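Here is the structure we will look at.
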Amino acid sequence: MTTGEILWALRADCPIPSRLAPHTDQVQEWLLDLLPTLDLPLDDTALHRLSRGAFARYAGRLYPAATEADLRVLTALFTWFFLVDDACDGPDRLTSEQIRALRDGTLAVLHDGPRSPHPGLTGPLRQLLVLAWREPHQRMPARWRLRFANAVARHLDGTWQEAVNKETGHRPGVSEYVELRRSTSAAEASYPLVEFAYGRQVPDPVYHHPLLREIAHVGNDLLSWYNDLASLDRDRATAGGHNLVLAIEGELGVSSAEAVELAAGRWRESMRRFVALRAAVPSFGPALDEAVSDHLDGVGYAVRGTIDWTVESARYPAATVQPTSGA
């Protein structure tokens with residue numbers, strides 16, 4: 001099977017239901033009107049690529065019950081993450097020192113608000129983050145803001161570590177890569193946003209309950225590894241071995257086709273585990289069960305939403321053509 005065929009087969013094997021916010025198209029139009037106002041260093045081709053990336057559809061798949069106003073906030077945040085990813089992972093990528101400065105500047109905004117200038121975060125990226133963060137900063141309690149900021153810090157720390165690895169020529173083995181990928185994916189930053197979108201808070205002791213943390217980790221693995229399969233061709237040229245398939249190839253000395261099949265097998269095993277763990281979640285009491293259910297659904301939609309968005313976004317050409325076999 002080709003990588004594209006495997007991606008569609010895994011999509012068919014995903015038991016999580018597919019959902020999409022009803023006002024996604026309107027929010028996508030809003031985003032396209034917004035981007036030129038930010039003075040991003042983008043020519044028409046780059047703007048067209050961002051448009052075809054369909055970031056509002058990604059946010060709409062992860063938070064299908066969000067209001068249109070909140071979906072705008074979420075879409076702006078998602079766009080910020082993707083612009084940071086492009087800046088850190090492309091051929092003209094930021095150095096590890098620049099990524100560390102970007103992290104510090106980002107945390108200054110998240111912790112202290114928009115009136116906290118920092119040389120590590122300037123220009124359009126700062127404008128977009130300040131715009132996207134205004135509503136959560138005003139509306140959400142301090143402990144939630146800290147939870148989100150800590151997740152973003154872990155993401156940028158992982159991005160920094162990957163940059164260091166590339167600069168030193170270090171190619172991670174499978175276990176090392178899996179742990180690092182949990183940071184670089186930014187999935188952990190998407191989970192607190194469920195509470196922003198739906199308004200029900202999960203207390204810290206419940207949010208960090210071992211079973212809920214394990215579900216979050218497995219969900220993170222599922223969406224990250226699916227992304228690795230979709231971006232494999234690009235990652236061969238730019239990722240310095242930071243891709244599950246490439247890590248398997250390097251550690252086991254197998255062919256690319258074998259490594260792809262092994263990665264797909266690992267994904268299927270983790271999906272079975274995800275379903276079993278989700279079924280084992282106990283009741284936390286009538287005052288909390290609705291919020292916990294929202295959180296767990298959010299983790300599931302992050303997996304399914306990533307899959308659906310991947311096969312419809314022009315960001316991953318290998319995944320967008322459905323095999324004629326219908327796999």
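Can you tell me how many residues in segment 257-277 are surrounded by fewer than 18 Cβ atoms within 10 Å (Cβ to Cβ) and without any contact (Cβ under 8 Å) to a residue 24 or more places away in the chain?
Summing the residues that are surrounded by fewer than 18 Cβ atoms within 10 Å (Cβ to Cβ) and without any contact (Cβ under 8 Å) to a residue 24 or more places away in the chain in segment 257-277 gives 7.
Restrict the check to segment 110-121 and report whether at least one residue is touching a residue at least 12 places away in the same chain (Cβ under 8 Å), of a type in the set (D, E, K, R) and at negative phi. It would help to see each step written out before you state the result.
Kept after step one, since they are touching a residue at least 12 places away in the same chain (Cβ under 8 Å), are these residues of segment 110-121: 110-111, 113-114, 118-121.
Next cut, of a type in the set (D, E, K, R) only: none.
Taking every residue of segment 110-121 in turn, none turns out to be touching a residue at least 12 places away in the same chain (Cβ under 8 Å), of a type in the set (D, E, K, R) and at negative phi.
Can you tell me how many residues within segment 1-38 are in contact (Cβ under 8 Å) with a residue 12 or more places away in the chain and in a helix (DSSP H, G or I)?
22
Given 198, 191, 207, which one is in contact with a His (Cβ under 8 Å, 6 or more places away or on another chain) and farther than 29 Å from residue 3 by Cβ? Even if it seems obvious, please write down each step before you answer.
On the way: 198 fails: in contact with a His (Cβ under 8 Å, 6 or more places away or on another chain); 191 fails: farther than 29 Å from residue 3 by Cβ.
Result: 207 is the single residue among 198, 191, 207 that is in contact with a His (Cβ under 8 Å, 6 or more places away or on another chain) and farther than 29 Å from residue 3 by Cβ.
Could you give me the residue pairs with C-beta distances under 7 Å whose first residue belongs to segment 87-98 and is farther than 11 Å from residue 167 by Cβ and part of a helix (DSSP H, G or I), whose second residue is of a type in the set (Ser, Thr, Tyr) and at pLDDT below 90 wherever it lies, and which are 6+ apart or on separate chains?
As it stands, the answer is 89/238, since those pairs meet every condition given.
Say we look at segment 177-205 and pick out the residues that are surrounded by fewer than 16 Cβ atoms within 10 Å (Cβ to Cβ) and either touching a strand residue (DSSP E or B) at 6+ places or on another chain (Cβ under 9 Å) or touching a residue at least 12 places away in the same chain (Cβ under 8 Å) (or both); which of these is farthest from residue 252 (Cα to Cα)? Spell out how you get there, then give the answer.
Within segment 177-205, the first condition is being surrounded by fewer than 16 Cβ atoms within 10 Å (Cβ to Cβ), and the residues that meet it are 179, 199-200, 203-205.
Now restrict to residues that are either touching a strand residue (DSSP E or B) at 6+ places or on another chain (Cβ under 9 Å) or touching a residue at least 12 places away in the same chain (Cβ under 8 Å) (or both): 200, 203-204.
On the way: 200: 45, 203: 42, 204: 40 Å.
Going through the qualifying residues, I end up with 200.
Please list, ordered by first then second residue, the pairs with beta carbon atoms under 8 Å, 6 or more apart or interchain, first in segment 158-175 and closer than 17 Å to residue 224 by Cα, second part of a helix (DSSP H, G or I) and of a type in the set (Val, Ile, Thr).
Pairs that qualify, where the first residue is closer than 17 Å to residue 224 by Cα and the partner is part of a helix (DSSP H, G or I) and of a type in the set (Val, Ile, Thr), are 158/184; 159/84; 159/99; 159/184; 162/184; 174/248.
Here are some conditions: (1) out of contact with any Asp or Glu (no Cβ under 9 Å at 6 or more places or on another chain); (2) outside any helix (DSSP H, G or I). Residue 225 meets all but one. Which one does it not meet?
(2)
Identify all residues within segment 58-96 that are buried (at least 21 other Cβ atoms within 10 Å of the Cβ) and basic (Lys, Arg); write none if there are none.
61, 72
State which residue is nearest to the chain's Cα centre (by Cα) when the search covers only segment 237-256 and only residues that are surrounded by 15 or more Cβ atoms within 10 Å (Cβ to Cβ) and modelled with pLDDT under 95.
239
The values are calculated or read from the model by the stated rules, or taken from the named source; none is laboratory data. Everything numeric here is computed off the predicted structure, so don't read it as measured data. When we count neighbours, we look across all protein chains shown, and the Cβ atoms used for this are built from the backbone with ideal geometry, even at glycine.
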